[in-house]
Amino acid sequence: MKLSRRAFESCIALISAAMPCILLLFVFDDQIPTSGLEEIGPRVYPDTLAYAWLALSLLYLADQWTRNVGEPVEIGGSAVFRSLAIIGVVLVGFLVLNVAGYLLGAVFYILCFTWMMNERGWAALVLSVVTPVVVYVALEAAFQVRLPTILD
Amino acid sequence: MDAVLLAINHVFAPGNLIFLVAGVFGGVVLGAIPGLSATMAIALLIPFTLTLDPVASLLMMTGAYKGGIFGGSISAILMRAPGTSAAAATVEDGQALAKEGKGLKALKVSLIASVIGDTFSDIILIISAVQLARVALQFGPVEYTALTVFALTVVGSAAGTSLIKGLIAAVAGLSLAMVGLDPSTGIPRLAFGEIHLYGGVSLIAVLIGIMTVAELLRQIEQRREASRAHIPPPRHRDDSRITREDARLMARPIAAGSILGTIIGVVPGLGPTLGAFLGYDTAWRIARKPEKFGKGSVEAIAGAESGNNAVSGANLIPLLGLGIPGDIEAAILIGAFLIQGLTPGPLIFQESPDVVYGLYVGLLVANAVLLVAGLLAIRVFVRLAGVRTGLLFPVVFVLAIVGTYAFQQSLFDVGITFFFGVVGYLMVKADIPRTTFLIGFILGPLLEDNFRRSLELSSGQYDIFLSSTLGNAFWIAAILSAGWVFYQRRKMRRQASGGKQ
């Protein structure tokens, strides 16, 4: 599916504009505490930034609608699938890191990413096992940092 | 004088010298591999330098930075794949020379031009940073607020393809920097009850996520095939060395590139890529053999590489003198200063002169190390540059995780790194400059502190921001630079659409 550049950039501008709106409407009230003693209110600076962010986003949106340049953007197909797969690997790997520790997490990442980069032979397999172990031992020996493992 | 002697002693201490040499070698190798860069090298190094003393840590990182910029030209000349964007200007002429069997000559020209350009800008840094710091000591909060906004505007204008997107990224970075303790109340804000965020979002985690993890994800997506680098055999003895005629041709482009690169490096945001292209363009204008440009010109490589490398020393002038990073590498170096408990800026000359002078001496020694290492081990670097990236990138990814974890031994920080890795990856897809976001994040506390102090001085009256002549000069400069970039881009678009029609 092809999306016009104007529509694509407008989506970016709208997402960008939504963020300061969320901050101003739902976050700042709860998350910026006040002691009541300060001379300048604690929301002056955050509000200034949020309004600047909103103004710039709207300016960008307006800029997109006053002209129409650029190639259309291809949405969908294998490129998007590949992007989602990469993000998926990062998320699943983080879960493995938390549940099963560094060694298994690192093996998972190396195996997945070497496979995605078309390295599917013995070299990748050996690397995925040897590298995490070498890094684990080297880090402990050189910096006295012990990475979390499944035994912790 | 005592501080200078102490610094020389410090730099030449065997341990520190080893870190410097390791930084240079590591930087050249990483810079030479297409897809990796000097920026990634120094971002990855930061957490591992925590246990080193400040001078050793900065030596290692400046060595990696200098080595990385030169390394970019190895893949540009031999593989037609610039390891860094700044090396793109070298591609055409470097490749043409390599095809004629003069690859080694091209690499040597690049090395010597890089070292001379770098040394020149380091000398300018040594002379001028302390003078700038003296001026900056007179700045009040109003001037600093205006200066920070000016720096962000210039960085935002120069990065990416859209000025407004650059500014949005800067404001987003500034907003992220608000997470943590509120400077006025000392109470955590925007931390959502998460104790790990009470001290703010970890700079190292954001840095590695945005710069390293995001870049690796992009490379993995592109499934970059390994490129073989090899030096084609020379046909004649002079093909692999710099002759007297070459040296004569190189002199003027190197001088021009060094001066231009230094000027560009002083202005925040312009960066080594512009230095390289301006160096190339100027070399063409003053060349003795302009007809050879694009077909294997020694003058072209000398101009581009000296312009490219001269930016690196000059970049540290605003960093040390004002506390404002000139580009992404300087921003990462700020991270290195901060984790060592040092705050770059005018006061550093009074508070830690040993570190500043150590850095100065280290920069000059790093150039000498780069020259010697380059001349002696260029064939080794070339061989390493051809490593299979499909195997290397996943390993670097794991090193990024380990680096983030090692810094505070926190899996929460690893999560932050992944989060910003994905955010950075999406920013690349949306063409939003990551550099500006990161510099905004780093400058956030400085801007907030000065913004608040200005308002406190005026009891909340905003007109105080227009009360200082110097401050007003920075505001006008910010508006002019943004306006200039806006006008230039519009003109380019018109020309492009006219060309299509």
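The values are calculated or read from the model by the stated rules, or taken from the named source; none is laboratory data. Just so it is clear, the structure is predicted and the values come from calculations on it, not from any experiment. Positions of Cβ are generated from backbone atoms using ideal geometry, with glycine treated the same way; all protein chains shown enter the neighbour counts. To get the accessible areas, we keep the full protein, side chains included, count just its heavy atoms, and leave off ligands, DNA and RNA. Shrake-Rupley method; radii C 1.70, N 1.55, O 1.52, S 1.80 Å.
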Taking the condition part of a helix (DSSP H, G or I), open to solvent by less than 10 Å² (accessible area, probe 1.4 Å) and not aliphatic (A, V, I, L, M), does residue B:313 pass? yes
Determine which single condition residue B:404 fails, assuming it passes every other condition in (1) surrounded by fewer than 16 Cβ atoms within 10 Å (Cβ to Cβ); (2) in contact with an Asp or Glu (Cβ under 6 Å, 6 or more places away or on another chain); (3) within 13 Å of another protein chain (Cβ to nearest Cβ). (1)
Output the residue which, of all residues in the range A:45-80 that are open to solvent by 40 Å² or more (accessible area, probe 1.4 Å) and over 23 Å from residue A:9 (Cβ atoms), is modelled with the lowest pLDDT. A:78
Restricting attention to the range B:177-202, report how many residues are open to solvent by 30 Å² or more (accessible area, probe 1.4 Å) and not β-branched (Val, Ile, Thr). 11
What number of residues within the range A:110-152 are of a type outside the set (Phe, Trp, Tyr) and outside any loop (DSSP other than H, G, I, E, B)? 25
Of (1) touching a residue at least 40 places away in the same chain (Cβ under 8 Å); (2) over 15 Å from the mean Cα position of the chain (by Cα); (3) assigned to a helix (DSSP H, G or I), residue B:346 fails just (3)
When you go through B:127, B:116, B:123 one by one, which is the residue that is over 19 Å from the mean Cα position of the chain (by Cα), open to solvent by 20 Å² or more (accessible area, probe 1.4 Å) and closer than 30 Å to residue B:301 by Cβ? B:127
Checking the condition aliphatic (A, V, I, L, M) and crowded, with 20+ Cβ neighbours inside 10 Å, which residue from B:380, B:372, B:356 passes? B:356
Name the helices (runs of 4 or more DSSP H) wholly inside the range A:1-80 in which the number of residues that are without any contact (Cβ under 8 Å) to a residue 40 or more places away in the chain and closer than 17 Å to residue B:168 by Cβ is 3 or more. A:5-22, A:44-66
Considering only the range A:73-88, state which residues are more than 9 Å from every other protein chain (Cβ to nearest Cβ) and touching a helix residue (DSSP H, G or I) at 6+ places or on another chain (Cβ under 6 Å). A:73
